[in-house]
Amino acid sequence: MRLVVGLGNPGAGYAKNRHNIGFMAADEIVRRHGFSAWKSKFQADYADGIIGGEKVMVLKPMTYMNLSGQSVGDACRFFKILPRDVIVLYDEIELAPGKIRVKQGGGHAGHNGLRSIDQHIGKDYWRVRLGIGRPPGKEQVAKYVLHDFSKTEEEWLTPLLEAVAKHMPLMVKGDEGRFMNKVTVDTQPPKPEKPPRPPAVTAETKQNTETGPQAAPATPAKADRKAEPQGALAQALAKAKAKLTGSSGGPDTES
């Protein structure tokens, strides 16, 4: 049996705190893998089920963070679970928000939940560190971790919790490296779309670009009216017309 422990503080007032990301991950694992309903024992809420063919218990200590080891120790002694079969999920301020790291053993780095677990079962358990980042400016760490995740932070928090639950079978089976890699890939922000490629330049488009579009052929003008005679011919016609007019005498008049 594997024991998966999510760290946090009990009560509605702490439910959305950064310090409770371990509880949130535990809830998502139970939901995704169809575990039993939550039950109370070992000073904790727990649910059991199967992940990757392995029997798994998910535990949320109700002792408050600083005494988490009491609950974990009770469960390990009852089921005879070795520390190397324990997986603890918790918040890590030294990791950038949304990042994940996995390791076995090591120090508690000031995390009171880990400090308590070390005292009860030793240090040879697996740690899944879920990054929440350091507090901005001079804000105190205690105030920062006991504050709710913001709406902006939920944009990376939800994909992280979903990826951890989705790939937990790898962690349970002992493939910790692939587990971490899969979660990292699933939580990468989408790459920006490439701009569309410009159309290919052909000889025709190149010529049009250099010389401009060729003018459309002019519409042939309508044939002009018959041209009037010009020059000497016009003068001769005018004289002939005058002679004809003079010989006729014009209309008769009374004297």
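Computed values, structure above
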quantity	calculated
Förster-model FRET efficiency, 41 Å R0, Asn66 and Thr184, C-beta, rounded to 0.05	0.85
Efficiency of FRET between Ala200 and Lys55 - r from beta-carbon atoms, R0 51 angstrom, step 0.05	0.25
Set of lysines with alpha-carbon distance to Lys173 below 23 Å, sequence-local pairs under 8 removed	Lys55, Lys60, Lys80, Lys99, Lys103, Lys123, Lys182
Where labels lie 7 Å past Cα in the beta-carbon direction, separation of Asp148 and Gln235 in nm	11.1
13 Å cut-off, amide nitrogen to a point 7 angstrom out along Arg115 Cα→Cβ, residues in region 54-69	65-69
Amide H contacts of Leu89 (H built 1.01 Å from N, under 5 Å, at least 5 apart or other chain)	Val5, Gly6, Leu7, Val128
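Bear in mind that the values in this text are calculations on the coordinates, not laboratory data. This one's a predicted model, so the numbers in the text were calculated from it and none came from an experiment. Here Cβ is always computed from backbone atoms with ideal geometry, including for glycine, and neighbour counts include all displayed protein chains.
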